[in-house]
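Colleague: Here's a structure for you.
The values are calculated or read from the model by the stated rules, or taken from the named source; none is laboratory data. All values reported here derive from a predicted model rather than from experimental measurement. Here the Cβ positions follow ideal geometry from the backbone for every residue, glycine too, while neighbour counts run over all protein chains shown. To get the accessible areas, we keep the full protein, side chains included, count just its heavy atoms, and leave off ligands, DNA and RNA. Shrake-Rupley method; radii C 1.70, N 1.55, O 1.52, S 1.80 Å.
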Amino acid sequence: MEGRTVIDGALRAATDALLAELTPAGHWVGELSSSALSTATALVALSQVGCEDDRKLIDGGLRWLAENQNADGGWGDTVKSKSNISTTALCWAAFGAARADEEFTGVTFRAEAWLRRDVLLRVPDSGVENGDTQERVPPGLVAAIQQRYGKDRTFSVPILMTLALGGRIGWEHVLPLPFELAALPHQLFGALRLPVVSYALPALIAIGQTIHHHRPTRNPLAHFLRDQTRVKTLRVLESIQPENGGFLEATPLTSFVTMSLASMGLAEHPVTQKGAEFLRASVRADGSWAIDTNLATWVTTLAIQALAHRPDALSPEQKQTLRAWLLGQQYRTEHPYTHAAPGGWAWTDLPGGVPDADDTPGALLALLALGTVDGETRAAGTAGVRWLLGLQNSDGGIPTFCRGWGALPFDRSSPDLTAHTLRAWSAWLPQLDEPLKETAARGIARALTFLAKAQRRDGSWLPLWFGNEHAPDDENPLYGTAKVVLALRELRDRGIALPDEMLRAGVRWLVAAQNEDGGWSGVRGGPASVEETALAIEALAGTAEVASVDAVVRWLVARVECGAWREPAPIGFYFAKLWYYERLYPLIWTVAALGRVAKL
């Protein structure tokens, strides 16, 4: 009884804190961490645009980078992240592009020293690769960056291009990108097996043209094709740019496009100007930039689901406001960027969002959690279910943005997206007409087959959109396994047949992954976080393998009581291995975990 009183008290405190984050508009917005990588790319872009009025922004950003350099001389993606080669290289390039090496000599010297040490660990036999004029460049740097990303050029080529624009390496080290392929019908992109992922089409066009401009290809046929398609692909780029200028609301992607065009003498081009305006509008008061503008739709759907364990937490008026807002975020026409069909939801309510297979099931579940399903809600939910069914890959799994590319990591089927979709499909079955219900049932069976094949021998699953810097290969099996176990438990409770051993193995893995101090990390023995601990508790609450609920939640409750629970951890994994943390994640997942426990 005493343990339950403590849990209830922690739940009330967490719920009150989450409700206090509602904006005057009636939904949640949250706040993403400032990013050294985003700040660096924005500074290079504004330096290339060359507007004198931007000098204050550039100087402020350089000071922020200098003040937030890690003790070892490198930079991580967030101020809580370990130094990594991509972010450190881009920050180093930013000082070069802004011609600030002399003013920040100590900063750039420490960055060069960190890069040399890291490159030696990655490429022990590296030789001088950059020529006599680039003596400051750590030998092997280009090879080390290429090694980190393998065949995927989505981020390795932009990094190397930025280093070239910053005067750190020569253009001969920047691999070309086939921007001319963007002139072909988008239906062919999957078959072409492009060396970048689907969301990176703006980078393919802008960076590909920039490389061709600074180092034209020697192949006469390729040279002719690229010259002939420059104008057409620039028109494609202009047609897919959101009205506010921010591609995907992402600072790095928008910066790469902006710096590319500006470096070719196209600083006055509409795409460049709109990109620069987006960067000026999104800088923070301290001089930094975040990785993305916000995750408003995502955190709102997560918060609604978390609060569903306490039906009276939201008033009827609040629920109605949230329902109307969510319905307003659904895409009702084909998306001009990815050509996604109508029916999906993006992570943000801003123009740069793109419908995807994590936010769409999140919205579907949130609409049900808000209560009454009226005709408008049922129509939206039916469209969302159809949208996800249309996205399902041939392997039964769910990719992020579009079906069929699949060649590179961020376009393939993934267990976390598949699990989230399974939860949404199964929850919406009673609301669907018979033909669609049968189609969804077949989709569920195929998705379960995918999860069975994707389960690792130890019983865990790996997610796509979350990681852990302390785990091997930056993976986070805790997040992936917790999400799949939660989905499988819900399917079983709804009477859907599934391989029992698949669920049991996942539960056993979660139980065994708990640290001795009672918390969970992405890897056993790693630093426990509120987010990962809450996710594990939510997935395990009420299972036979958990002998004492009070013992399982003790670590999390203690964090709530001392106030440490609101401190976010950088477990978010953005495009191309970029870390972030979100201020609302620990609040939302704590409410979800303790709410589920309180119902037992």
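Colleague: Return the loop-located GluC sites (Glu not before Pro) in region 506-600 (DSSP other than H, G, I, E, B) with at most 15 other Cβ atoms within 10 Å of their own Cβ; answer none if there are none.
Modeller: 516, 545
Colleague: Show which lysines lie in cross-link reach of residue 82 when reach means a straight Cα distance below 23 angstrom and same-chain residues fewer than eight apart are skipped.
Modeller: 577
Colleague: Does anything in region 552-574 have its amide N under 13 Å from the 7 Å Cα→Cβ label point of residue 71, and if so which residues?
Modeller: Within reach of a label on residue 71: no residues.
Colleague: Related question: Under the rule a/c < 1.5 gives rounded, and otherwise a/b versus b/c splits prolate from oblate, where does region 449-574 land using the Cα gyration tensor?
Modeller: oblate
Colleague: State the percentage of accessible surface on region 319-423 attributable to carbon and sulfur atoms; use a 1.4 Å probe and exclude ligands, DNA and RNA. Spell out each step's value before the answer.
Modeller: Numbers: 1640 of 3210 Å².
On region 319-423, the fraction of accessible area on carbon and sulfur atoms equals 51 percent.
Colleague: Still on this model: Where a Cα-Cα gap under 12 Å defines reach, which aspartates and glutamates qualify for residue 599, not counting those fewer than 8 residues away within the same chain?
Modeller: 8, 538
Colleague: Give me the accessible area per residue for the chain, probe 1.4 Å, as a whole number in Å². List each step's numbers first, then the result.
Modeller: Numbers: 22560 Å² over 600 residues.
For the chain, the per-residue accessible area is 38 Å².
Colleague: Also, quick follow-up: Would you kindly derive the ³J(HN,Hα) couplings of region 31-38 from the backbone phi angles with the Karplus curve 6.51 cos²θ - 1.76 cosθ + 1.60 (θ = phi - 60°), listing them in order in whole Hz, with x for Gly and Pro?
Modeller: Once θ is set to phi - 60°, the couplings for region 31-38 become 7, 7, 5, 5, 10, 5, 5, 4 Hz.
Colleague: Compute the angle between helix 549-562 and the longest alpha-carbon principal axis of the chain, please, reported from 0 to 90 degrees and rounded to the nearest 10.
Modeller: Compared with the principal axis, the helix lies near 50 degrees.
Colleague: Rounding to the nearest 10 and keeping the result within 0 to 90°, find how far the Cα-based axis of helix 2-19 lies from the longest principal axis of the chain.
Modeller: Computed tilt is about 50 degrees.
Colleague: Go from 0 up to the bin containing the longest alpha carbon distance in the chain, width 20 Å each, and give me the % of pairs per bin.
Modeller: 20, 53, 25, 1
Colleague: Here's something else I'd like to know. Test of understanding: express the Cα radius of gyration of region 1-91 as a ratio to 2.2 N^0.38 Å, with N the residue count.
Modeller: So region 1-91 has a normalised radius of gyration of 1.65.
Colleague: Defining a contact as two alpha carbons under 8 Å apart and six or more residues distant in sequence, what relative contact order in percent does the chain show?
Modeller: It comes to 15 percent, rounded to a whole number.
Colleague: Moving on to the next point. Which links in 437/483; 319/453; 274/319; 56/232 stretch past 28 Å when you go from one Cα to the other? Before the final figure, lay out the partial values.
Modeller: Numbers: 437/483 24 Å; 319/453 39 Å; 274/319 36 Å; 56/232 36 Å.
Long pairs (Cα-Cα over 28 Å): 319/453; 274/319; 56/232.
Colleague: Let me understand region 486-538 better: what is its radius of gyration from the alpha carbons, and its Dmax, in angstrom?
Modeller: Values for region 486-538 (Cα only, Rg and Dmax): 12.7, 37 Å.
Colleague: Arranged from highest to lowest average of other beta-carbon atoms within 10 Å per residue, in what order do the peptides 292-298, 105-111, 241-247 appear?
Modeller: By packing density, highest mean first, the sequence is 292-298, 241-247, 105-111.
Colleague: With each label point set 7 Å from Cα along the Cα-Cβ vector, what nm distance links residue 281 and residue 232?
Modeller: Between residue 281 and residue 232, the simple spin-label model gives 3.2 nm.
Colleague: In region 430-487, which trypsin sites (Lys or Arg not before Pro) fall in coil by DSSP and have 16 or fewer other Cβ atoms within 10 Å?
Modeller: Those that pass, being in a loop and sparsely packed, are 456, 457.
Colleague: Same structure, new question: Using a 10 Å cut-off on Cβ atoms, rank the peptides 4-14, 311-321 from the highest mean neighbour count down.
Modeller: Numbers: 4-14: 17.7, 311-321: 14.0.
Sorting 4-14, 311-321 by mean packing, highest first, produces 4-14, 311-321.
Colleague: Set the Förster radius R0 to 25 Å, insert the Cβ-Cβ distance between residue 524 and residue 583 as r into 1/(1 + (r/R0)^6), and round the FRET efficiency to 0.05.
Modeller: Once rounded, the FRET efficiency stands at 0.40.
Colleague: Specify the angular offset, from 0 to 90 degrees and rounded to the nearest 10, of the alpha carbon long axis of helix 585-598 from the longest principal axis of the alpha carbons in the chain.
Modeller: Taking the Cα atoms of the chain, the angle to 585-598 is about 10 degrees.
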